[in-house]
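The values are calculated or read from the model by the stated rules, or taken from the named source; none is laboratory data. What you see is a predicted model; the values in this text were computed from it and never measured. For neighbour counting, all protein chains shown are included, and Cβ atoms are generated from backbone atoms with ideal geometry for every residue, glycine included. Please note that ligands, DNA and RNA were not included when accessible areas were found on the heavy atoms of the full protein model with its side chains. Shrake-Rupley method; radii C 1.70, N 1.55, O 1.52, S 1.80 Å.
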Amino acid sequence: MIKGAYQLRVIDAGKCISDTGEVRNLILNEALNHGDPFSSGFVCVGDGDSEPYSTQAALDNQLGQVSGTFSNDATIFMDGQDRYARRSVTASFTGIIGDIREVGFRKLAEGGLLSRTLIRDGNGYQTWVPIQAHQTLEVTFFVYFLVPDVLDTGEITTQFGQSVNYTVRPSDDLSSPKGILAGRYDSPVGTSAGNSFEMLKSAGEDRSTTVTINYSSESQECELIVNWSAQAENRTVTGFRVFEYSNSHFVVELSESFTLPADHDITLTFNFAWSIS
């Protein structure tokens, strides 16, 4: 689940004179065309007032747009019993005159909108934010990604006759979600050294040999393939985790250890899929 909200603040002579609080938005279909839809882009404001719809590509009447980059790391946000990873971007507009009634976000300067909302008051009625040329309009766009307690469960059956149950879930110490837990669907375990996995053993850990990521924007699916090369001795495997910032990612827990015999490699394949609904 993914959701978002905008907050608009008017700054006059260094003081905040107006604050909308968070106004929920509609995530649009265009967001599905990007593996990491909310990394950087353009915050847009306008004075149109039509109701948002899922295939909308532009504001009704744009008055301006400002580029911005989302925070690299996400923070945990609790909404009742639900846990979300929250990322945000803030853009400042100057020299605009008018009544701001609509806000949106696009990935590319001339691209389609990924998000749009109308300004509403606490009762849900449409309203507007008046802005004058000498004032600054500060717009923050928050995006929330649901962090499930469990991503997947199942059974691993080895070719040597042993079967163990597995659970894929966020780390117990999750506080700054990354990768798939922060909505980076085309980079589920991060980049650079973060791509490496560790095989947890009864004695020590082994770094993965290769990590391959295949993302399809057409199907909104990501395939993650992790391999460990064969070694000369038996290995007693107790679980798997991302090597760098392991507390910010998911872990693979096993119901019991299993033996990986000498001279055998092992490959794990993860498949992630996402949608707006």
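Scanning the range 2-24 for residues that are of a type outside the set (Val, Ile, Thr) and more than 20 Å from Val147 (Cβ to Cβ) returns Tyr6, Gln7, Leu8, Arg9, Asp12, Ala13, Gly14, Lys15, Cys16, Ser18, Asp19, Gly21.
Being open to solvent by 60 Å² or more (accessible area, probe 1.4 Å) and touching a residue at least 60 places away in the same chain (Cβ under 8 Å) narrows it down to one residue among Phe160, Phe145; which is it? It is Phe160.
Looking at Ser163, Ser187, just one residue is under 15 Å from the mean Cα position of the chain (by Cα) and either over 30 Å from Lys107 (Cβ atoms) or among the small types (Gly, Ala, Ser) (or both), and that residue is Ser187. Could you list all residues from the range 69-91 that are out of contact with any helix residue (DSSP H, G or I) (no Cβ under 7 Å at 6 or more places or on another chain), touching a residue at least 60 places away in the same chain (Cβ under 8 Å) and open to solvent by less than 60 Å² (accessible area, probe 1.4 Å)? Within the range 69-91, Phe70, Ile76, Arg83, Tyr84 qualify. Taking the range 193-251 as the region of interest, the strands (runs of 3 or more DSSP E) fully inside it that hold 3 or more residues being of a type outside the set (Lys, Arg) and touching a Lys or Arg at 6+ places or on another chain (Cβ under 8 Å) are 197-201, 235-242. Picking from residues in the range 116-131 that are more than 28 Å from the chain's Cα centre (by Cα) and open to solvent by less than 70 Å² (accessible area, probe 1.4 Å), the one that is farthest from Asn29 (Cα to Cα) is Ile131.
Results for (1) touching a His at 6+ places or on another chain (Cβ under 9 Å); (2) within 30 Å of Ser54 (Cα to Cα); (3) open to solvent by 30 Å² or more (accessible area, probe 1.4 Å), shown as yes or no for each residue.
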position	(1), (2), (3)
Asp206	no, no, no
Val211	no, no, yes
Ser219	no, yes, yes
Arg241	yes, no, yes
Val251	no, no, no
Thr269	no, no, yes
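Within the range 51-68, can you find the residues that are assigned to a loop (DSSP other than H, G, I, E, B) and open to solvent by less than 40 Å² (accessible area, probe 1.4 Å)? Once the filter is applied, which keeps residues that are assigned to a loop (DSSP other than H, G, I, E, B) and open to solvent by less than 40 Å² (accessible area, probe 1.4 Å), the range 51-68 yields Pro52, Gln56, Leu59. So is Ser192 modelled with pLDDT of 95 or more and over 17 Å from Tyr166 (Cα atoms) or not? Considered against the rule, which asks whether it is modelled with pLDDT of 95 or more and over 17 Å from Tyr166 (Cα atoms), Ser192 comes out as no. Residues that are free of Cβ contacts under 8 Å to residues at least 24 places away in the same chain and surrounded by fewer than 19 Cβ atoms within 10 Å (Cβ to Cβ) number at least 2 in the following strands (runs of 3 or more DSSP E) confined to the range 1-49: 15-24.
Taking the range 163-172 as the range and being surrounded by 13 or more Cβ atoms within 10 Å (Cβ to Cβ) and under 21 Å from Tyr245 (Cα atoms) as the test, the residues that pass are Thr167, Val168, Arg169, Pro170, Ser171.
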